[in-house]
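Taking it in order: structure first as structure tokens, then the write-up.
The values are calculated or read from the model by the stated rules, or taken from the named source; none is laboratory data. Just so we're clear, the structure is a prediction, and the values are computed from it rather than from any experiment. All Cβ positions, glycine included, derive from the backbone under ideal geometry; neighbour counts span all protein chains shown. These accessible areas exclude ligands, DNA and RNA; they are computed on the full protein's heavy atoms, side chains included. Shrake-Rupley method; radii C 1.70, N 1.55, O 1.52, S 1.80 Å.
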Amino acid sequence: ALEARLERGDGRPLVARFFAAGWLRRLLLPGEWFLFEGRTDAKRGDCLLHPAFTRLADGPATVLAEEPGCRAAYPLPEGLSERSLRALVDHVLEHHLPLLHDPLGALADEPYHAALRAVHHPDDAAAHEAARRVLAGRELAALAWTLQQRRAAATGAAGRAWPWDDVLDARIRARLPFALTPGQEAALAGIRADLAAPRPMYRLLQGDVGSGKTALALCACLAVVAGGAQALLLAPTAVLASQHAGFIRRCLEGTRVTVELLTGGTPAAEAARIRAAAADGSCRILVGTHALLEERVAVADCGLAVIDEQHKFGVHQRAALAGKGGARADLLLMTATPIPRTLALTAFGDLAVSRIDGRPPGRAAVATAVAVGSAARVLAEVSGHPGQALVVCPLRAAGEEGDAGHAAEEVHARLAAHLGAGCDLLHGAMPEERKLAAIARLLAGATRVLVSTTVVEVGIDVPTLDLLCVLDADRFGLAQLHQLRGRLGRGALPGRCLLLVADPAKQPRLALLAASDDGLRVAEADLAERGPGELLGTRQHGQWRLRVADLGRDLDLLQDAHAWAAAALARGEPMPAGLAGWLPPEGEASLAAG
């Protein structure tokens, strides 16, 4: 590396470090003035890493004359220098700006052109922010219009109105093992109103871990079954699907409503019987995994499709489920990850959203601590623990993907050597029957310590589980850790969650989890930390990539854009012609499309 020692006007030392650039010795001559722009080293604030620079022939006066205000920085495409990009921008501003008009028609050409100029050549930071907000409003208007248009198309089609009178409501509630909380009542009211209307339901039900989403989904299923149709419930894992089926069967014990469970591990003969029951209508509620999406699974009359942990499924999978039976079914999506308002308005802007506020009564408290530790600390914790414990590792096998983190198979071998048969293992690569058997042993009390990967993030409902140890906790997102923590406190026993990190410097990042069990607060912190592209897996499942707008600063613009778009569509207005070019790029498939 080549290092150049620089003298700044304030007298503080600064070093510019360049890589594979020995030829720069001919340019960076002592005693000359340069303008350097770049990022500092993460460990050394006095070191610029491979910065861009410009020689100032007339000294610092050149900068003051040519750049009186702040200077815009651009993310550079591969193969294009900053100087070249600046030249392109200036050429467009000089020669093509008169061709551009405000797509919303809210601004005349002169102020609109002034905003475009100020984004690239602002007088100061305040001028740049004001101009950015003008352009962000156009980008968010295009996004809101598209989402509201989808919502209108989805809910504007003809649907079936399901009778849900007070008599049926009383019968449904009698099947639940608990009385509904005020938060659950409010969420159920929205679902009930949607099902009673003669248009398809298109609703997202969100609630923190253990908030009672499955119970509300069962209420919706029973209303549709009472109307003579069938209901499907899709879950991402066999463990979670089995848990849902068990809960529904316990609630409906003694009734004539038949409930079946279909997964990839269902024996062939049993699977054939279940498919036949779904096709002839004798199976009223069918619960399953991706196996439900197979073409050979036909449903006589699908009235409702429920999708749990909806972000784990793609658009085409949802459409395939909703289309079972040949008619468009009502659609209820569920997620246990609380969604910040900003993300809900962008990723789910075309859905009606219900949120279950509060926690059900009877849930025990869970204490969370963050500490430095490894597998040895886990061994010490579980060896003296009288109850049942869950140990979560970031990897399945040692060296997986070249990673050096803790692996479930290795940790299990180490703990099993000390604990014996009471230590069990669970990971995603295991055959389905082995996964379900491991959960059954944990439920039966035969397993004292279960070592697992994040396959237990959802679907584990063990009331006697009261200790969770997460190794390399800093490798997980905050919302994911909150989900894992939700495996505790599901009975009368108070829980203890221990988040272990190898590097003490990583502890502060997890402090919020130790201080709060508010899932929405955790999710908002996760959004701020990782951005909307990763939260809820949206980078994999399709998220709008905003180019100008900033969700953290422009929530008011987004809310105004949704209100404007909804009102314009209700009046039958077309999308403003120039707005299409402002639509942000979308990922592989939109989360909001059904």
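Observations on the structure shown:
- Just one of the listed residues (Leu499, Leu527) is at pLDDT 75 or above, buried (at least 18 other Cβ atoms within 10 Å of the Cβ) and of a type in the set (A, V, I, L, M), and it is Leu499.
- Taking the range 164-174 as the range and being open to solvent by 80 Å² or more (accessible area, probe 1.4 Å) and in a loop (DSSP other than H, G, I, E, B) as the test, only Asp165 passes.
For (1) closer than 21 Å to Arg249 by Cα; (2) acidic (Asp, Glu); (3) part of a helix (DSSP H, G or I); (4) at pLDDT below 90, each residue gets a yes or a no:
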position: Glu185; (1), (2), (3), (4): no, yes, yes, no
position: Ile191; (1), (2), (3), (4): no, no, yes, no
position: Asp194; (1), (2), (3), (4): no, yes, yes, no
position: Gln206; (1), (2), (3), (4): no, no, no, yes
position: Thr214; (1), (2), (3), (4): yes, no, yes, no
position: Leu218; (1), (2), (3), (4): yes, no, yes, no
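- Pairs are defined by a Cβ separation below 7 Å, a sequence spacing of at least 6 or placement on different chains, a first member in the range 144-163 that is closer than 15 Å to Arg203 by Cα, and a second member that is in a helix (DSSP H, G or I) and open to solvent by less than 30 Å² (accessible area, probe 1.4 Å); the pairs so defined are Gln148/His562; Gln148/Ala565.
- Any pair with Cβ under 7 angstrom, 6 or more apart, that starts in the range 204-217 at a residue that is farther than 12 Å from Gln184 by Cα and ends at one that is in a loop (DSSP other than H, G, I, E, B) and modelled with pLDDT under 90: Leu204/Phe348; Leu204/Leu351; Val209/Ala336; Val209/Gly486
- Considering residues of the range 404-423 that are in a loop (DSSP other than H, G, I, E, B) and open to solvent by 30 Å² or more (accessible area, probe 1.4 Å) only, the residue nearest to Ile439 (Cα to Cα): His406
- Residues of the range 424-443 classified as more than 15 Å from Asp461 (Cβ to Cβ) and outside any strand (DSSP E or B), total: 9
- Enumeration of residues in the range 233-272 that are within 14 Å of Glu432 (Cβ to Cβ), part of a loop (DSSP other than H, G, I, E, B) and of a type in the set (D, E, K, R): none
- For the range 126-154, the set of residues classified as over 30 Å from Asp109 (Cα atoms) and either touching a Ser or Thr at 6+ places or on another chain (Cβ under 7 Å) or open to solvent by less than 40 Å² (accessible area, probe 1.4 Å) (or both) consists of Ala154 only.
- Residues being farther than 22 Å from Ala376 by Cα, touching a residue at least 24 places away in the same chain (Cβ under 8 Å), part of a loop (DSSP other than H, G, I, E, B) and more than 22 Å from the chain's Cα centre (by Cα) are entirely absent from the range 496-517.
- For beta carbons closer than 8 Å, sequence separation of 6+ or different chains, a first residue in the range 105-129 that is free of Cβ contacts under 8 Å to residues at least 60 places away in the same chain and a second that is exposed (fewer than 11 other Cβ atoms within 10 Å of the Cβ) and in a helix (DSSP H, G or I), the qualifying pairs are Asp109/Pro98; His113/Pro98.
- Asp102 vs. criteria open to solvent by 70 Å² or more (accessible area, probe 1.4 Å), charged (D, E, K, R) and in a loop (DSSP other than H, G, I, E, B): no
- Any chance Ala440 is open to solvent by 10 Å² or more (accessible area, probe 1.4 Å) and either out of contact with any Pro (no Cβ under 8 Å at 6 or more places or on another chain) or closer than 18 Å to Val522 by Cα (or both): yes
- Selection within the range 561-576 - in contact with a helix residue (DSSP H, G or I) (Cβ under 7 Å, 6 or more places away or on another chain) and of a type outside the set (A, V, I, L, M, F, W, C): His562
- The number of residues in the range 378-403 that are charged (D, E, K, R), loosely packed, with under 15 Cβ neighbours inside 10 Å and either assigned to a loop (DSSP other than H, G, I, E, B) or at pLDDT 95 or above (or both) comes to 1.
- Per this entry, Arg275 is counted among residues that are more than 32 Å from the chain's Cα centre (by Cα) and either in a helix (DSSP H, G or I) or hydroxyl-bearing (Ser, Thr, Tyr) (or both).
Results for (1) open to solvent by 40 Å² or more (accessible area, probe 1.4 Å); (2) modelled with pLDDT under 70; (3) in contact with a Cys (Cβ under 6 Å, 6 or more places away or on another chain), shown as yes or no for each residue.
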residue: Asp308; (1), (2), (3): no, no, no
residue: Arg328; (1), (2), (3): yes, no, no
residue: Ser354; (1), (2), (3): no, no, no
residue: Pro360; (1), (2), (3): no, yes, no
residue: Arg363; (1), (2), (3): yes, no, no
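- Test: residue in the range 156-163 that is buried (at least 19 other Cβ atoms within 10 Å of the Cβ) and either part of a helix (DSSP H, G or I) or out of contact with any strand residue (DSSP E or B) (no Cβ under 9 Å at 6 or more places or on another chain) (or both): no
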